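K.L.:
Can you keep this structure in mind? I'll have questions shortly.
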Amino acid sequence: MNAAGAAQRLVEARRTGRLVAGLEGDLLPRDDADAYQVQEAAMRLLGVTQAGWKIGAPNPTAVPVAAPLFAALVRPSPARFSATASSFRAVEAELALALGRDLPARAAPYGEDEAWDAIAAVHVAIELLDSRYADRRAMPPAALLADQQSNGGFCYGPANPLAAADFLAARASLLFDGKVEKSAVGGNPVGHPKRLVVWLANHAASRGRALRKGDIVTTGSHTGITVAPIGARVTARFEGLGEAVMEIAAA
């Protein structure tokens with residue numbers, strides 16, 4: 001496929017705010033491998049630096065997917081992001097992991113325990129979803145993945161010890177202006193994120209983006225996708241772990 005051409009179209013949409021109807025012909029990624037080529041080409045065009053990754057899977061056995069988090073879109077809580085009335089503006093309550101040491105590229109793949117031992121802390125987080133497509137629901141999964149898996153912003157709360165998190169039975173709430181919109185217990189469909197971390201360590205190394213100390217890895221929504229109104233003060237709260245706050249301001 002024409003990864004450079006697809007990346008150019010998506011980057012233009014980011015820069016101008018003019019959404020694209022879709023990708024067609026040789027611009028349309030056929031699979032995850034194509035989508036990762038588009039991600040890399042878009043990052044080169046944008047000249048961005050990376051602060052971490054978003055990663056997820058629809059169930060505990062599915063192959064994960066990942067997208068780099070742009071440093072300019074990763075902020076500590078409380079954070080403020082701008083959006084327009086026509087933008088997607090969906091938010092997710094998530095648990096994010098912080099790397100305590102590097103996991104450099106190497107010939108032998110990492111094992112689960114070795115990769116998990118590199119995690120130093122867990123943070124309550126909010127991901128803001130956005131899209132460069134006029135109708136993201138009409139786009140195949142590989143096209144969404146090519147668009148950095150729809151990331152539009154990310155904020156994270158204070159660090160907690162890893163042992164403080166019950167990843168399989170976490171109690172999460174998503175609030176708009178202090179009112180609970182969604183709540184869930186153990187809502188992340190991937191299950192325990194341990195398998196995500198080892199997959200990511202090996203995937204990132206294969207892309208020349210080995211995991212580094214200080215990287216943030218967010219592991220998928222516990223409360224599903226919820227569209228936030230312009231002006232909302234969004235809070236993600238996890239029992240025993242605290243909260244993160246994001247304001248959605250008018251662009």
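Each reported figure results from applying straightforward, stated rules to the coordinates on display, with no laboratory input. All values derive from a computational prediction rather than experimental measurement. Backbone-built Cβ (ideal geometry, glycine too); neighbour counts: all protein chains shown.
K.L.:
In the chain, what percentage of the DSSP-assigned beta bridges are antiparallel, given to the nearest 5?
P.N.:
Here the antiparallel bridges make up roughly 80 percent for the chain.
K.L.:
Here's a follow-up. So who's got an amide H within less than 5 Å of the one on THR226, skipping anything under 5 residues away but keeping other chains? H placed 1.01 Å off N, in plane.
P.N.:
VAL91
K.L.:
What are the membrane-span-like helices in the chain by this rule: whole DSSP H runs, Cα extent along the axis at least 15 Å, mean Kyte-Doolittle hydropathy at least 0.0?
P.N.:
Helix filter hits for the chain: 194-206.
K.L.:
Considering only DSSP states other than H, G, I, E and B, which GluC sites (Glu not before Pro) in region 1-86 qualify as loop sites with at most 14 other Cβ atoms within 10 Å?
P.N.:
GLU24
K.L.:
Let me ask something else about it. Which of the three applies to region 167-242, rounded, prolate or oblate, going by the alpha-carbon gyration tensor with a ≥ b ≥ c and a/c under 1.5 meaning rounded?
P.N.:
prolate
K.L.:
Measure out, as a whole number of angstrom, how far apart the alpha-carbon centroids of region 149-227 and region 1-40 sit.
P.N.:
26
K.L.:
What are the aspartates and glutamates whose alpha-carbon lies under 16 Å from the alpha-carbon of LYS213, with same-chain residues fewer than 8 places away excluded?
P.N.:
ASP102, GLU114, ASP117
K.L.:
About its Cα centre, how strong a charge dipole does region 49-250 have in debye, to the nearest 20, once Lys and Arg get +1 and Asp and Glu get -1 at the Cβ?
P.N.:
340
K.L.:
Within 10 Å of each residue's Cβ, count the other Cβ atoms and sort LYS194, LYS182, LYS54, LYS213 from fewest upward.
P.N.:
Exposure proxy ranking, most exposed first: LYS213, LYS194, LYS182, LYS54.
K.L.:
For LYS182, which lysines qualify as cross-link partners when the Cα separation must be under 22 Å and same-chain residues fewer than eight apart are set aside?
P.N.:
Cα-Cα hits under 22 Å: LYS54.
K.L.:
Quick one: grab the alpha carbon gyration tensor of the chain, order the square roots of its eigenvalues as a ≥ b ≥ c, and give me rounded if a/c is under 1.5, else prolate or oblate depending on whether a/b is larger than b/c.
P.N.:
oblate
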